[in-house]
Structure formats: C-alpha cells, structure tokens
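One structure below.
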Amino acid sequence: GPQVEPDPSKKTLVVLGTGWGSVSLLKKLDAEHYNVIVISPRNYFLFTPLLPSCTTGLIEHRSIMEPIRTILRHKKASVKFYEAEASSVDPERKVVRVLDTSEIRGDVIETEIPYDMLVVGVGAENATFGIPGVREHTCFLKEIGDAQRIRKKIMDCVETAAFKGQSQEEIDRLLHMVVVGGGPTGVEFAGELQDFFEEDIKKLIPDIADRFRVTLIEALPNVLPSFSKQLIEYTESTFKEEKIDIMTKTMVKKVTDKTVEAEISKPDGTREKITLPYGLLVWATGNAVRPVVKDLMERIPAQKGSRRGLAVNEYLVVQGTRDIWAVGDCAVAGYAPTAQVASQEGNFLAGLFNNMARTEVLEQRVRELSGSLNLQPGNAAEISKEIEEHERQLRRIKDIKPFHYSHQGSLAYIGSEKAVADVSWFNGNLASGGSLTFLFWRSAYLSMCFSTRNRLLVINDWVKSKLFGRDVSRE
Ligand code: FAD
Ligand code: NAD
C-alpha cells in the first residue's frame, strides 16, 4: 500500500507478534480504519505444523516462512512494522515499550509506542520446569533456528559416530537421539527422525546403520494424551514397528551434556532412577508464559488468579482491561494452545474490529444526517429514510456474537508415511490412522492458510526429497 503518515482521526491499533493469531487478524482486518502498527522480533510468519519436517531437511526452512512485509503489502492501507520485542506494556499510560534485540542495532534500540487498542499475540515460550541442564544442553523445537540447530546436530552426531576409531560405546551414545515430551511435537519429531534414518542415513552410512536409536520419554502413562485411545494405541504400535522406544511414566529430572537422568514410576508404586547417554536431546514438554505477558498480568489486578496466560472474556478482551485483547497461546480462553484456535481467534478479532470501525462510520453519518434534517426541511422524508436505513444496519452489526471455537479435528504425523487423525465430521467422530490419513495430512496442510508461493515450495521440497533423498550436508 501507499506510505502515509498516521491519520490523527483514526485510532492506533498495535498488534504484538507475527504468529498464527496476529497474522490471521492482520490478513482479515480492514486496515484503512486504523493506524495499524505491528511489532514482532520475527519479520515473518512461521507455518509451525511443518516445522518438524525441517529438522531433517525433508522440507527446507524457507519454504515454511512467509515475510510479514509481503503479507502487509496486500493491505489497502499502509501498516507499519517494527522488528522488535515488546519488553513491557503499561496499561495505565497505554504504551508498549519495545526493544531491538536483533544482531544489528542502530542509535535507537529502545522506544515507546502508544496505543488506543492493543492485541497481544506473542505466543508462549518453552516450558523447562526449572529442570537443571535443559536450557544449556537441549534443543527446543519451536522456531526456525531450533529446527536448523537440530538438523545440524543430527548430522554432526552421525559424522562423529563414523569417525575413525570411535569406540562402540561412544557410537551408541552419539547415535542415541532422545526426545522428551510425548505431546504432538515430540511424537512428530520422533517420527520424522526415524524416517530420515531409514530413508537416507542408513543408505549413505551403512557402517553405523544398526546403532541408530530414537527414544521418546513421556511422564504420563501414554503419548498423545489429547488424542483418542484408539489412536494412542495405533501410534504406540507404529512406533514399535519403527523401532522407536517409548518410555512412559518416566519423568526427566536432570540433563547433563551427555546424559539424561529420569525416574520411572513402576506398577508397584516404587520409583527407579535411570541415566541414559545421548547424542542429541530434543525438549518438547509444552508451553510456559512469556515474561512480557507475566509482567502485564502482574499489572492488572483482575488477572491475579490466572496462571497459564492472559484470562480473556468471550470477546477475547483481557479481563480487567477495556482496550487490550489477547489471542493464541498467550490467551486463556478455555481452548488448547493450537494454531487452529489461534487463527480462529485472530479471524474473530478482525471481524470485531472491522465491525467497530463500520459502526463508528455509520454513527457519524447518522449524526450528520440528523443535523441536516433541520437545515433541509424539504428533503426531510428522504433524509429520514436514509437515517432509518443506517440505523437498521447499525443494529445488525452491533449484534456481535461472542467468539466460538469450531474444532476441525486433530492431525499428527507419526512416521513411515502414516498419520493419525481425530476428526469430527458428519455429526460423528472419525478416528483414523495410516497411509491414507498421511495423504490427508499432507493435503490438509497444503490447503491451510498458506500462500501459493509457500505451497509450491513445500511440494517442490517433498518431490526433491523423494527423488534425490534429503540433503545431508551439514551447514
Ligand atoms: P506463535 O505462532 O508462536 O507466534 C507468536 C509471535 O509473537 C511470533 O511471531 C513471535 O516472534 C512473537 N513474539 C514473541 N515474543 C514477543 C514479544 N516480546 N513482543 C512481540 N512479539 C513477540 N498447532 C496446530 O493446531 N496444528 C499443528 O499441526 C501444530 N503443529 C505444531 C508443531 C510445532 C513444532 C509447534 C512448536 C507447534 C505446533 N502447533 C500446532 C501449535 C501452534 O504452532 C501454536 O499453538 C501457535 O503457533 C500459536 O499461535 P500464536 O499466534 O499464539 O503464537
Ligand atoms: P504438550 O504440552 O502437548 O506435551 C508435552 C508433554 O511433555 C506432556 O505430555 C507432558 O506430560 C510431557 N512432559 C512434561 N514434563 C516432562 C518431563 N520432565 N519428563 C517427561 N515428560 C514430560 O506439548 P507440545 O507437544 O509441544 O504441544 C504444544 C501445543 O501445540 C499443544 O496444544 C499441541 O496440541 C499443539 N501441537 C499440535 C500439533 C498437531 O496438531 N499436529 C503438533 C505440535 C503441537
């Protein structure tokens, strides 16, 4: 859009984050009604469902990134973007404090941005539960950088294991890939990893072929706790075929640079301590609240009881405020922290804001018309009719329904071209697992909110990997 200066007659809408929630909002928002400012340390949208595929090079990371500048270019009015982190929000003064945390910094690295309306969509950070060694020695799987780091480390472990004279014991350690957390992230990553090994590494480096091992550790009695029992069993038996070890009822307590220490709960109620040597450890134990969100919660008395994020009402307004909304993983609205929920929330808010703006325009027009009614008595009938029409429209758009989440189902990839799906369609529940589900999984993701450019890139990556194998160069 054209570059214009902020219009003082419009409200300033500040949006924090460029993830699922914020980007869905931005895509649907009629930006001409507001002075829109977007703030995020990441100048792109990341299609997280395919992130596990980037850890093995099945998909190249840039194929699942979409520059925010490209997304914003399609808006009718100009939207400002600042690459920075919101470090705090002051709800009294209605300002956001922002900080440039990227490598290159100019003379100004910190400033304040005032808002009339604020949307918080900063997502969540990785939970570590304060377990010693996690931050220092493990890899998370949330951002592009995490996937790149893992990809590099897998190959480093493999090449180091193949080094001349390496002892059997050390080869076993280096080729032991441990995943902590049996939620969808951990399960999908374990599946991708095993595929990588079966389809490529084994052929390229046959000498170490029989030593590669993947172990998935989960504290609860089973993996994928949010899926149906049937699909949990299907996943567990598929993993057995794939030779992925699942250790359930096993809680990790400590991590060192080469070992992971855990406690197994035995059926008789006793506990057993174990120590497993590893080469690569991926930590996928779910979400924790970001500091900026925690800080904001402490400033709002009504948020006192909330632990997992900003408590919002059914219109996604942050409880205890009038002009702050929250979407996605940082909001507590009673739904799971998923992309599906975040994008529906973002969509909802866009509709709400578009409505609010249209209401204001119509109300302004009604005021003008009412004023002219006295000045032009000859046109009274016509003007009254127009007023009536506007008021009818106003009643219709003011009747905004609260946010309602519509669950489209859960899908997870589990390796060897199989996926599991819990889908509720046709008034019934469909639980399915297998290769057809895998094709469904792929097409579902391709058809999701994704640009044509990204779709082509992902298809290209899939075809390339199928024909030539994954690229095992270590960057
Ligand atoms: P995010 O998408 O995480 O976006 C947060 C944004 O805020 C980012 O742009 C970030 O850079 C920015 N930000 C962070 N800190 C600040 C700050 N201080 N100031 C300003 N901006 C900030 N869900 C599904 O439904 N289906 C799936 O298949 C699926 N697969 C997943 C696979 C993986 C590997 C992972 C990690 C998650 C997956 N999820 C999936 C969950 C889904 O990605 C999240 O629920 C979703 O990203 C939440 O959206 P969000 O907008 O709240 O946060
Ligand atoms: P999660 O919260 O779903 O799972 C984390 C798991 O780690 C839990 O099962 C927990 O019991 C376990 N755990 C915690 N501490 C542990 C410890 N010390 N030792 C062993 N196990 C421990 O986390 P996730 O998989 O990262 O998912 C986060 C969110 O993103 C969820 O809402 C999920 O639905 C969504 N997501 C969805 C998909 C998909 O739909 N395909 C994929 C990835 C993520």
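Worth a mention:
- Answer residue from the stretch 346-370, given it is under 26 Å from the mean Cα position of the chain (by Cα), of a type outside the set (A, V, I, L, M) and within 30 Å of Ser384 (Cα to Cα) and is surrounded by the most Cβ atoms within 10 Å (Cβ to Cβ) among those: Phe353
- Wholly within the stretch 235-320, strands (runs of 3 or more DSSP E) carrying at least 2 residues that are of a type in the set (Gly, Ala, Ser): 259-265
- The numbered conditions (1) at pLDDT 95 or above; (2) out of contact with any Phe, Trp or Tyr (no Cβ under 8 Å at 6 or more places or on another chain) are all true for Ile246 except (2).
- Among the conditions (1) surrounded by 23 or more Cβ atoms within 10 Å (Cβ to Cβ); (2) without any contact (Cβ under 8 Å) to a residue 12 or more places away in the chain, Gly181 misses just one, which is (2).
- Test: residue in the stretch 185-199 that is touching a Pro at 6+ places or on another chain (Cβ under 7 Å), within 30 Å of Leu310 (Cβ to Cβ) and acidic (Asp, Glu): yes
- Scanning the stretch 213-234 for residues that are over 30 Å from Ala162 (Cβ atoms) and either assigned to a helix (DSSP H, G or I) or of a type in the set (Lys, Arg) (or both), we see that the one that is nearest to ligand 1 (Cβ to nearest atom) is Leu231.
- Scanning the stretch 315-330 for residues that are out of contact with any helix residue (DSSP H, G or I) (no Cβ under 7 Å at 6 or more places or on another chain) and either farther than 16 Å from Phe403 by Cα or touching a residue at least 40 places away in the same chain (Cβ under 8 Å) (or both) yields Val318, Thr321, Arg322, Asp323, Ile324, Ala326.
- Here Glu233 passes the criteria (1) at pLDDT below 95; (2) within 23 Å of Val134 (Cα to Cα) except the one numbered (2).
- Only one of the listed residues (Ile39, Ile68, Ile104, Ile59) is in contact with a helix residue (DSSP H, G or I) (Cβ under 7 Å, 6 or more places away or on another chain) and among the β-branched types (Val, Ile, Thr). That residue is Ile59.
- Any hit, the stretch 199-212, residues being out of contact with any Lys or Arg (no Cβ under 8 Å at 6 or more places or on another chain), of a type in the set (A, V, I, L, M), surrounded by 19 or more Cβ atoms within 10 Å (Cβ to Cβ) and in contact (Cβ under 8 Å) with a residue 60 or more places away in the chain: yes
- Evaluation of Glu345 against the conditions (1) outside any loop (DSSP other than H, G, I, E, B); (2) closer than 22 Å to Leu394 by Cα shows that the sole unmet condition is (2).
- Strands (runs of 3 or more DSSP E) wholly inside the stretch 364-449 containing at least 2 residues that are within 22 Å of Val341 (Cα to Cα) and modelled with pLDDT of 90 or more: 410-415
- Count - residues of the stretch 16-37 that are under 17 Å from the mean Cα position of the chain (by Cα) and either hydroxyl-bearing (Ser, Thr, Tyr) or buried (at least 20 other Cβ atoms within 10 Å of the Cβ) (or both): 11
- The set of residues from the stretch 316-345 being surrounded by fewer than 22 Cβ atoms within 10 Å (Cβ to Cβ), more than 16 Å from ligand 2 (Cβ to nearest atom) and within 21 Å of the chain's Cα centre (by Cα) comprises just one member, Val317.
- Every residue from the stretch 457-475 that is exposed (fewer than 12 other Cβ atoms within 10 Å of the Cβ) and not in a loop (DSSP other than H, G, I, E, B): Val463, Lys466, Leu467, Phe468
- Pick from the stretch 220-230, criterion among the polar types (S, T, N, Q) and within 12 Å of ligand 2 (Cβ to nearest atom), ranking: modelled with the lowest pLDDT: Ser226
- Within the stretch 432-460, residues that are free of Cβ contacts under 8 Å to residues at least 40 places away in the same chain reach partners that are away from ligand 2 (no atom under 16 Å from the Cβ) with beta carbons closer than 6 Å, at six or more positions or on different chains, in the pairs Leu446/Arg455.
- Qualifying residue in the stretch 63-75 (condition: buried (at least 17 other Cβ atoms within 10 Å of the Cβ), over 18 Å from Gly121 (Cβ atoms) and either touching a Leu at 6+ places or on another chain (Cβ under 7 Å) or in contact (Cβ under 8 Å) with a residue 12 or more places away in the chain (or both)): yes
- Matching entry among Phe140, Phe163 (being free of Cβ contacts under 8 Å to residues at least 40 places away in the same chain and among the aromatic types (Phe, Trp, Tyr)): Phe163
- Residue match in the stretch 284-297 (condition: among the basic types (Lys, Arg), within 16 Å of ligand 2 (Cβ to nearest atom) and closer than 30 Å to Asp146 by Cα): yes
The values are calculated or read from the model by the stated rules, or taken from the named source; none is laboratory data. All of these numbers come straight from a predicted model, not from anything done at the bench. Glycine also receives a Cβ, built like all others from the backbone with ideal geometry; neighbour counts cover every protein chain displayed.
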